[in-house]
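J.: Encoded as structure tokens, here's the structure I'll be asking about.
The values are calculated or read from the model by the stated rules, or taken from the named source; none is laboratory data. Treat the numbers as computed from the prediction; the structure is a model and nothing was measured. Reconstructed Cβ throughout: ideal geometry from the backbone, glycine too, with neighbour counts over all protein chains shown. SASA here: full protein model, heavy atoms, side chains in, ligands and nucleic acids out. Shrake-Rupley method; radii C 1.70, N 1.55, O 1.52, S 1.80 Å.
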Amino acid sequence: MADEEEDFEVLDLSTAAYRRNRGYIQQLFGDISKQSAAKQVVIGGAAGWFSGYLFIKVGKIAACSLGTTILLIQIAQHQGYIQINWSRVNREVGQARRRVEREAYKQYPQLVNNICRFAQENMFLAGSFAGGFFLGLAF
């Protein structure tokens, strides 16, 4: 058995083969936490600004849509087109709220620990993201 030749598969671990299997963003930035502080600040600030800007734009659209929907439901109910059983709605909303609270209490400690650890390990990135996010909210 020791005399038999065994076939081995050769794995290509070169940079080109490694980059082929990664997404575009991962190829572009790599592991950001290992980059220089200046690059982390630029990436975090730009991502934060873009997120804040989109948050405002999407928030305005969502608020307009929700307000219009509520107004149309109220008008339809007042005109008699629909009838809403408000006691059933309140009961269902209460049950859903309790289920969400139970799940949030289960997940909450892990979420806070993960966020704190990420912020501590990537202080430049997290800080510049927060600053960029607030700048994005201003525009």
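J.: Is it the case that TYR108 is surrounded by 10 or more Cβ atoms within 10 Å (Cβ to Cβ), aromatic (Phe, Trp, Tyr), touching a helix residue (DSSP H, G or I) at 6+ places or on another chain (Cβ under 7 Å) and under 30 Å from ILE32 (Cβ atoms)?
T.: no
J.: Which ones in the range 69-126 are farther than 30 Å from GLY52 by Cα and among the small types (Gly, Ala, Ser)?
T.: ALA76, GLY80, SER87, GLY94
J.: Of all residues in the range 36-66, which are open to solvent by less than 70 Å² (accessible area, probe 1.4 Å), in contact (Cβ under 8 Å) with a residue 24 or more places away in the chain and not aliphatic (A, V, I, L, M)?
T.: Once the filter is applied, which keeps residues that are open to solvent by less than 70 Å² (accessible area, probe 1.4 Å), in contact (Cβ under 8 Å) with a residue 24 or more places away in the chain and not aliphatic (A, V, I, L, M), the range 36-66 yields GLN40, GLY44, GLY45, GLY48, SER51, GLY52.
J.: Still on this model: Hey, among the residues in the range 115-134 that are open to solvent by 100 Å² or more (accessible area, probe 1.4 Å) and in contact (Cβ under 8 Å) with a residue 12 or more places away in the chain, which one's farthest from GLY59 (Cα to Cα)?
T.: In this case the residue turns out to be GLU121.
J.: Also, quick follow-up: How many residues, within the range 77-101, are charged (D, E, K, R) and open to solvent by less than 100 Å² (accessible area, probe 1.4 Å)?
T.: Residues meeting the conditions: 2.
J.: Also: Looking for something assigned to a helix (DSSP H, G or I), closer than 30 Å to PHE124 by Cα, at pLDDT below 85 and more than 24 Å from the chain's Cα centre (by Cα) - is there at least one such residue anywhere in the range 39-55?
T.: no
J.: Quickly run through the range 87-139 and pick out the residues that are modelled with pLDDT of 85 or more and of a type in the set (Phe, Trp, Tyr).
T.: PHE124, PHE129, PHE133, PHE134, listed by residue number.
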